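Trainee: Dropping the structure in here first, questions after.
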Amino acid sequence: MKFPSEPFKIKVVEPIKRTSREERDRLLREAGYNLFHVPAGSVYVDLLTDSGTSAMSDHQWAGMMLGDESYAGSKNYYHFESVVRSIFGYRHVIPTHQGRMAEHLLFSTVVKPGMYVLNNIHFDTTRANVEHQGAEALDLVVKEAYDPHCELPFKGDMDVSRLEETINRVGRERIPLVMVTVTNNSGGGQPVSMENIRRTRALLNRYGIPLVFDACRFAENCFFIKEREAGYKDTPVREIARELFSYGDGCIMSAKKDGLVNIGGFLSLNDDRWAEGITNMLILVEGFPTYGGLAGRDLEAMARGLEEVLDEEYLRFRIGQVRYLGEMLEGGGVPILKPIGGHAVYLNAREFLPLIPQGQFPAQALAVALYREYGIRGVEIGTVMFGKRDPVTGETHYPELELVRLAIPRRVYTNMQITYVAESIADLFTHRDSIGGLVMTYEAPLLRHFTARFEECASIVTK
Ligand code: P61
């Protein structure tokens, strides 16, 4: 195993508190066994998300001091605009405070009730924002994406023939846009190949449908293209990104991921009419077009972060650190989703806890156990997040995969902390029979995982 040594040294440290198992047990009960409600100060290694949790560089912090906080025409906006144009290549650059606002602005402008948005897999906020417009969000990723053992190099690819069938079935006029999420977060952080994007583009050209990227983790996707796709070995990641976005009409991005910032996002696109509608809505709900809900200093940090994320030394470390965790877990016999993704390792909870039925939330139960035993926080990506209750029968539709995502914040944890995570989980795996299921006692109608509450099942049930 190649050890991914850090391409940075640490200038500022943030102490973390160790807690006892008893304390964590109490915190879990108080939180209704929902890890979103456990105070971060009581988490030892926090792998809840890689979103907004990056450590900024000294260069970004220096940029924060150069924030121009003018209401209109801040110099940081022009810097940000030129960086976004140079990487993504689209004309209009519209800042937002984070990704879901970009989603909301795009969909509220171009999606109408009864329409369809097609994507490899919609992330939960993306799906919720499509559905909020009275439209349907359809996932058309290749079927292998749902097989946790299948080792395709580009498991985030769109199933282009299913895409064409769907366009013919629902009608081109009901599809305002198609999206491709790079990397495919909900399918395990898996990349999409350039070849697949080219084929998607060619198909959409025949029907005259715009293609919009969800670019949250574009640099990680482009690094995988460099590593895995024929013809790109010697191409700089920045050029790969330029080519990838040249096949689209625009993108939305939560810069909290590959923008290496703690807050920020944007939309960038070519269509003047869409840009006009979006900008008008932006002014109504977010802010003036040259700040879009952010401070000037945030725009500067984002401009600098978008440049830094394309540094290939950084990307080699980043992808290498995630892979290092995954390979150590595999070495300990822990079932994980394969291949190892770009920003996270996903534990396969169905195989980790085969005795807990899906109705008792095995992935949530695993995430709870991981926190209680070791102070490590991951996030459930399974029935709690994606299970749907039929509004008429009350019956639950279960998702294909029950996963616990261990998302690695960028430039935050040392390899020693990552080793601690791997060893802890391998240890938990050896006494997995002590872990019981959960019952949901409260759920909200939308994005229920944020606020759901649970209780522990009275006894460990066998199937
Ligand atoms: C995450 F539990 N992701 O992965 P915003 N598209 C994509 C995302 O991954 C994404 C957004 C759009 C998060 C944060 C998160 O239920 C949850 O800047 C591919 O968060 O608005 C966000 O970007 C939205 C975690 C979001 C969740 C919602 O951890």
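The values are calculated or read from the model by the stated rules, or taken from the named source; none is laboratory data. For clarity, every value in this text was computed on a predicted model and none was experimentally measured. Backbone-built Cβ (ideal geometry, glycine too); neighbour counts: all protein chains shown. Keep in mind that these areas ignore ligands, DNA and RNA; they rest on the heavy atoms of the full protein, side chains included. Shrake-Rupley method; radii C 1.70, N 1.55, O 1.52, S 1.80 Å.
Matching residues to (1) free of Cβ contacts under 8 Å to residues at least 24 places away in the same chain; (2) within 16 Å of the ligand (Cβ to nearest atom):
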| residue | (1), (2) |
| --- | --- |
| Glu330 | yes, no |
| His343 | no, yes |
| Arg350 | no, no |
| Val384 | no, yes |
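Trainee: So is Pro95 within 16 Å of the ligand (Cβ to nearest atom) and either assigned by TED's automatic domain parsing to the domain that holds Asn168 or in contact with a strand residue (DSSP E or B) (Cβ under 9 Å, 6 or more places away or on another chain) (or both) or not?
Mentor: yes
Trainee: If I go through the range 205-215 residue by residue, how many of them are under 21 Å from Leu306 (Cβ atoms) and open to solvent by 20 Å² or more (accessible area, probe 1.4 Å)?
Mentor: The qualifying residues number 0.
Trainee: Which of the strands (runs of 3 or more DSSP E) found entirely inside the range 239-349 contain at least 2 residues meeting this: surrounded by fewer than 24 Cβ atoms within 10 Å (Cβ to Cβ) and small (Gly, Ala, Ser)?
Mentor: Of the strands (runs of 3 or more DSSP E) lying wholly inside the range 239-349, none has at least 2 residues that are surrounded by fewer than 24 Cβ atoms within 10 Å (Cβ to Cβ) and small (Gly, Ala, Ser).
Trainee: For the range 98-118, indicate whether the set of residues that are more than 16 Å from the ligand (Cβ to nearest atom), among the β-branched types (Val, Ile, Thr) and under 24 Å from Ile240 (Cα atoms) is non-empty.
Mentor: No - not one qualifying residue is present in the range 98-118.
Trainee: Taking into account only those residues within the range 14-30 that are touching a residue at least 60 places away in the same chain (Cβ under 8 Å) and not in a helix (DSSP H, G or I), which is surrounded by the most Cβ atoms within 10 Å (Cβ to Cβ)?
Mentor: Thr19
Trainee: Keeping to the range 147-199, report how many residues are assigned to a loop (DSSP other than H, G, I, E, B), within 20 Å of the chain's Cα centre (by Cα) and β-branched (Val, Ile, Thr).
Mentor: Going through the range 147-199 one residue at a time, the tally reaches 3.
Trainee: Turning to a different aspect of this structure: Any chance you could count how many residues in the range 48-68 are closer than 14 Å to Val379 by Cβ and either more than 16 Å from the ligand (Cβ to nearest atom) or at pLDDT below 95 (or both)?
Mentor: So the count comes out to 0.
Residue-wise test of (1) more than 19 Å from the chain's Cα centre (by Cα); (2) surrounded by fewer than 20 Cβ atoms within 10 Å (Cβ to Cβ); (3) modelled with pLDDT of 95 or more; (4) in a strand (DSSP E or B).
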| site | (1), (2), (3), (4) |
| --- | --- |
| Ser86 | yes, yes, yes, no |
| Ile94 | yes, no, yes, yes |
| Arg100 | no, yes, yes, no |
| Leu106 | no, no, yes, no |
| Thr109 | yes, no, yes, no |
| Thr125 | no, yes, no, no |
| Gly134 | yes, yes, yes, no |
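Trainee: Confirm whether Tyr442 is open to solvent by 30 Å² or more (accessible area, probe 1.4 Å) and either more than 15 Å from Phe454 (Cβ to Cβ) or not polar (S, T, N, Q) (or both).
Mentor: For Tyr442, the condition - open to solvent by 30 Å² or more (accessible area, probe 1.4 Å) and either more than 15 Å from Phe454 (Cβ to Cβ) or not polar (S, T, N, Q) (or both) - is met.
Trainee: Out of Leu260, Leu282, Leu294, which single residue is in contact (Cβ under 8 Å) with a residue 12 or more places away in the chain, within 16 Å of the ligand (Cβ to nearest atom) and over 23 Å from the mean Cα position of the chain (by Cα)?
Mentor: The unique qualifying residue is Leu282.
Trainee: Do we have Glu307 as closer than 24 Å to Gln98 by Cα, of a type in the set (Asp, Glu) and away from the ligand (no atom under 16 Å from the Cβ) here?
Mentor: Answer is yes for this residue.
Trainee: Based on what the data block shows, is Ala202 part of a loop (DSSP other than H, G, I, E, B), open to solvent by 20 Å² or more (accessible area, probe 1.4 Å) and of a type in the set (A, V, I, L, M)?
Mentor: no
Trainee: Go through (1) touching a helix residue (DSSP H, G or I) at 6+ places or on another chain (Cβ under 6 Å); (2) free of Cβ contacts under 8 Å to residues at least 60 places away in the same chain; (3) closer than 24 Å to Arg405 by Cβ and name the single condition Phe107 misses.
Mentor: The single condition Phe107 does not satisfy is (3).
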